[in-house]
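The values are calculated or read from the model by the stated rules, or taken from the named source; none is laboratory data. Being a predicted model, the structure only gives us computed values, none of them experimental. Positions of Cβ are generated from backbone atoms using ideal geometry, with glycine treated the same way; all protein chains shown enter the neighbour counts.
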Amino acid sequence: MKANIVKCVFLLLFCSSNALSSFAATYTVTNINDAGAGSFRQALIDANTNLGADIINFNIPGAGPHTIFFTSTLPDVSDPVTINGYSQPGASANTIDIFSISALTPLNAVMKIVFNGTNSISGLKITGGKSIIKGVVFQEFGNSADPFNNNLKYDLKIASDSNAVEGCWFEVLADGSNYTPNVVYYSIYLGEGIRSYGNTIGNGNPDGINWVSAAMGGGNSVGIQCGRISGGSIKGNLIGPTKNGQNTWYIQGFGVHTGASSQSALDLVVGGANLGEGNVFSGNLGFGFRSQNDSRLIFQGNVCGTTPDGKAGLYQDSGGNPMITAGGVCGGGDNLGQQDGIHIRNCDDCLVGGDRAVGTGMLGEGNLCSGNSRYGIALTFNPRSSTIVSGNICGLNYQGASLLCNHGNSGDPQSYGIYIAATNTPAGGATIGGNTETKGNVCSGNDEAGIYFESTVNPDFNVIGNRCGLQHNGLVVVANNVQKYGIYINDNGSQKIGSTNAGEGNVLSGNLDAGLVLSGANCTSNKIYGNYIGISDVESTPSLSDQNDGILIQGGASNNKIGLNVGEENIITCNIDNGIRITGIGSTGNDIYKNYIGCRSDQGVVVAPMQDCGIRIENGASNNEIGRFGNILNEENVIIDNDLYGIYIDGTTNDCTGNSISGNYIGVKTDQTNLPGNDQDYGIYINGASANNIGSTLDPFFFNVIADNGIAGIYLTGAGSTGNLIRNNYVGCDNTQAAIAGANQTNGILATGAASNNFMGGAGANNANYIAYNTTNGVEIGTQTNGDLISRNPIHNNGNKGIHLNFFFNTSFSGNLYNPAPAIDPVQLIAGTVTGTGIAGQTVELFLSDIACGQNAFTYLGTAVVDGGGNWSIAGLSLSPGDNGVATQTDGLNNTSEFSNCVTIDVLAAIFSASDSLICMGDCINFNDLSAGTPISWTWTFSGANTTSSAIQNPTGICYNTAGSFDVELTVSDGTNSNTLTMSNFITVNALDDASFSYSTSSYCTNESDPTPIITGLAGGTFSSSGGLSLNATTGAIDVSASTPGNYIVTYNTSGPCPNSSTQNITIDVLPTATISGGGTICAGDPIPDITITLTGTGPWDITYTDGITPVTINGIVSSPYTLSGLA
């Protein structure tokens, strides 16, 4: 039972406690005593004791302001309370918008309650949460007796959640006329110890503006320090300037400092996009805002370094003069302003800025970071890839259109708009800029560079859509601009400047020295693509443009890529001096591909200024590539409409060697048409530089087209211009060697000023240059310039000479020592061979000219060395009647001559053909004269023929009856010269086949065996006979029984190379019969009567009779009947 009573009492106490917390109380401070009844200390004690959201108001008699001096530490605010200084009669909150604060409209809050710590105690600390402090001036807190413990030097410390500070002033007099001498290190300290959540400093409205400008407890004193906090916001506060926003006491180290090694801020919002939400961070000694080791920070709509209205840089003025006077005149500013507007260190997933078009504030989500002495925005130590810096204006006024009203610092603006340094791990890669005009940063009007990289590692930043050097619209240069560089990358690699995506190209124009600088030995592998350099992003000339260089590569910067492929082009034009300048020993391996240099992307003319030079390589810069694989891989540059030079290589200070120029269109567009209005004087100009490659021999398509440059396509000058290889270029013409309509290039290649020992063309594949349609000379070698090899180049249709050697005084001072041209013999006596004369030991090159027979060399035909007798010969040529030729000769020192006089190569050469050259005995042949030249007589000799000679041009019916091989000879004459062609064994006459055969006899009776002939000649032929004889055509066998008796001729025909035939006579007989008549019976002694024998068959016949004793034969009876008479 006792236990139950205890439980019941506990329950009653618990319920009673809840009942107390539900009643908030209001406590009123009525005096300025440090303690006791009516004091603030007592009101705070009471509020802490009374659980609930209490209110402390003030009603101190008198006009005030009323300063309460505290001599001992105040109790912590351990329970929610609102401390309302504006409740004091006569006090009122500010009504001026944060960005409207000015000399005419300063902060107008009337402050009547002042807390003063007498420089002996720490300030007010909130530990209970959900409290509001407003309308209070905090003065002189901090323990001056312990100078090394900065954690005790604060005006207000918040170590709990969901608190708000609104409309309070820190370390200033109550009327705002001056600061108070103090030892405060932190005016406001958020987040000590355990993490606190959701605290707000300022509320984004005029009445919530906190004025935090005078913490002077050390060089690193901080207006607002954020330790371990999450969420919450800092909005609409005046941090650093004086009350009117036009000056600064320049005593507070940092405006706001967030995070530290282990005390990071998470999800903090600083400023905002809407009216009144942005803070003013200006006039502090060090940084307006510094973030260290924070995550998911959002920093938007703030002013960092300028007056609140964004019109003037905020600098200390020893006389206290406002930066802009009430009359709108630029005024004070004779000392340094704060160092950095925003300083971000180790920020993960942070957003600095956003879109200037979003929100109702002065810059929307963007920040104004101008008027600082060093950097508008500084990024250091590993800003992660998710960190974005966009939509900010760094260096100009709030409109992004002009310089600030007063530069202060002896007239110098801040050094860098955005400064990136010490990003010492590869975890970097933040994005600087965005894909629209309002998301890109405007980095103009700074003293040194709009964006500056200083690091020796590869953080892989993406720099996109920024405008550096121009007004925010990218169309107009900032008046009186002093910014030297748009983007400067110093000893830093693998950055991406630009993009292929729409709106992400940077506009780097209107800077004094260069739009982009790549500098230092570690400046490597940077990718520069899709940018507008010297020009606006609508490809018009920015007004007042005066940028010297578009891109400057210096100090050993190497292996960077400027452009690359389709969609990655940079447009580099309207710079004063150079589109791209590569300078210095070690500046090597840089690739310049697929850029428009001097023109728009549609290859149209831009208005002045025209940059003097498209690409300049100088002072030892070597082994860089200008273009590469031409239209095969779309890596060609278009270099056109520069005022003087397309490409200039200057080795006069330090030699520039090994640079490669191939696959480019220099002076013409990619469709190889001219650009009306193109004023470029030189396509490629080499001054004192050696061993560079103009054109590539790797593939026939890796050519340069160099045309429509006013003075020369390629110009070599200076004694150091030696060993340059000029190969596979089309100079003055398109890549079909056709004229380009409207093009007007004076000289194709011009070497002068002792530019010696260069190679123009050569013997290898794709070495030849095609030099045509230049208005004066194809190639010109100036005085005191020699050893320039001109080899195997088609050079034609130039206005004066194909090759011109300038003569001065004597040959020693003349171009290529005025080596004389060789001579071509006017009549050639050997078909396919051209002969001539020259200087012994020199190399002759022969070219096919055109029908006009001028200084034209269309096709290289062959090479010969002049023999000791001064003669040369080139054989194996295929020439047609009326072909014209020119030739050069080159001595052992590579001095190539001019072209020889053009000669029509009149070849007198006996040439013929025959209708057949392999015949059989008895065949006949027709002969045709094919002789070259203009013969007027012909003498033929035919050995072995029936007709052994002829004097007609085309003999016919020349027959051969004797087997063998026989010569044919033709001699032709033009009346002066003659030429003989003897074709040995030209005609082969084969003997006829042997057709011999025989039968065993020539006559057969129908009862005899069938005979088969014996072939003694060429077997394999066929047999034939007239009808009636049964004959086997293959074997020649006769079927006698099937044959009709009679006389036949059997013919045998061979089937060899020369068919022949022979015959045999064959008779087929029937069996003979004999009929006897006459005679009779006689007596002995009576004469024997005649006996008549009638014979049938075919005679002659043989008959035999007997007298009974002796047979008698009579042969050769040829007629029937036959009579035996005179028998005894």
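Some values worked out for this structure:
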quantity	calculated
Only listed residue being buried (at least 22 other Cβ atoms within 10 Å of the Cβ) and in contact (Cβ under 8 Å) with a residue 40 or more places away in the chain, chosen from 873, 849	849
Matching residues, the range 659-671, being buried (at least 19 other Cβ atoms within 10 Å of the Cβ), assigned to a loop (DSSP other than H, G, I, E, B) and not small (Gly, Ala, Ser)	659, 664, 669
Failed item in (1) buried (at least 20 other Cβ atoms within 10 Å of the Cβ); (2) in a loop (DSSP other than H, G, I, E, B), with residue 56 passing the rest	(2)
When residues of the range 511-532 are limited to those that are closer than 13 Å to residue 577 by Cα and in contact (Cβ under 8 Å) with a residue 40 or more places away in the chain, the one surrounded by the most Cβ atoms within 10 Å (Cβ to Cβ)	511
Residue satisfying all of: in the range 308-321; touching a strand residue (DSSP E or B) at 6+ places or on another chain (Cβ under 7 Å) and modelled with pLDDT of 90 or more; surrounded by the fewest Cβ atoms within 10 Å (Cβ to Cβ) among these	310
In the range 345-369, residue surrounded by the most Cβ atoms within 10 Å (Cβ to Cβ) [restricted to those that are more than 13 Å from residue 273 (Cβ to Cβ) and modelled with pLDDT under 90]	347
Residue list for the range 1089-1128, filter: exposed (fewer than 11 other Cβ atoms within 10 Å of the Cβ), β-branched (Val, Ile, Thr) and in a loop (DSSP other than H, G, I, E, B)	1109, 1110, 1118
Residue match in the range 750-757 (condition: of a type in the set (A, V, I, L, M, F, W, C), in contact with a Leu (Cβ under 8 Å, 6 or more places away or on another chain) and within 27 Å of residue 853 (Cα to Cα))	yes
Unique residue being touching a Ser or Thr at 6+ places or on another chain (Cβ under 9 Å) and assigned to a strand (DSSP E or B) when the list is 283, 310, 245, 288	288
Subset of the range 559-582 (residues that are surrounded by fewer than 23 Cβ atoms within 10 Å (Cβ to Cβ) and either aromatic (Phe, Trp, Tyr) or in a strand (DSSP E or B) (or both))	561
Among (1) outside any loop (DSSP other than H, G, I, E, B); (2) more than 20 Å from residue 820 (Cβ to Cβ); (3) more than 44 Å from the chain's Cα centre (by Cα) - the single one residue 861 does not satisfy	(3)
Pick from the range 322-344, criterion crowded, with 23+ Cβ neighbours inside 10 Å and either in contact with an Asp or Glu (Cβ under 7 Å, 6 or more places away or on another chain) or at pLDDT 85 or above (or both), ranking: nearest to residue 370 (Cα to Cα)	341
Criterion: at pLDDT 90 or above, closer than 22 Å to residue 283 by Cα and touching a Leu at 6+ places or on another chain (Cβ under 9 Å) - qualifying residue of 393, 432, 388, 377	393
Breaking point among (1) in a loop (DSSP other than H, G, I, E, B); (2) closer than 19 Å to residue 174 by Cβ, for residue 35	(2)
Scope the range 761-776; condition polar (S, T, N, Q) and out of contact with any Ser or Thr (no Cβ under 8 Å at 6 or more places or on another chain); matching residues	769
Residue check, residue 887 under 44 Å from the mean Cα position of the chain (by Cα), more than 30 Å from residue 993 (Cβ to Cβ), crowded, with 21+ Cβ neighbours inside 10 Å and free of Cβ contacts under 8 Å to residues at least 60 places away in the same chain	no
Which listed residue, of 596, 645, is on the phi < 0 side of the Ramachandran plot, touching a Ser or Thr at 6+ places or on another chain (Cβ under 8 Å) and surrounded by 24 or more Cβ atoms within 10 Å (Cβ to Cβ)	596
Residues of the range 1004-1020 satisfying the condition of being assigned to a loop (DSSP other than H, G, I, E, B) and either without any contact (Cβ under 8 Å) to a residue 40 or more places away in the chain or out of contact with any Pro (no Cβ under 8 Å at 6 or more places or on another chain) (or both)	1007, 1008, 1009, 1010, 1011, 1012, 1013, 1016, 1017, 1018, 1019, 1020
Test for residue 227: is it out of contact with any strand residue (DSSP E or B) (no Cβ under 7 Å at 6 or more places or on another chain), farther than 30 Å from residue 63 by Cα and of a type outside the set (Phe, Trp, Tyr)	no
Every residue from the range 166-225 that is surrounded by fewer than 19 Cβ atoms within 10 Å (Cβ to Cβ), of a type outside the set (Lys, Arg) and modelled with pLDDT under 90	181, 193, 194, 218, 219, 220
Scope the range 747-789; condition touching a strand residue (DSSP E or B) at 6+ places or on another chain (Cβ under 8 Å), of a type in the set (A, V, I, L, M) and either closer than 23 Å to residue 701 by Cα or in a strand (DSSP E or B) (or both); matching residues	749, 750, 751, 760, 763, 768, 771, 772, 779, 781, 789
Inter-residue pairs, beta-carbon under 6 Å, first assigned to a strand (DSSP E or B) and in the range 1063-1088, second surrounded by 11 or more Cβ atoms within 10 Å (Cβ to Cβ) and charged (D, E, K, R), 6+ apart	1078/1090
Subset of the range 533-558 (residues that are of a type in the set (Ser, Thr, Tyr) and surrounded by fewer than 21 Cβ atoms within 10 Å (Cβ to Cβ))	540, 541, 543
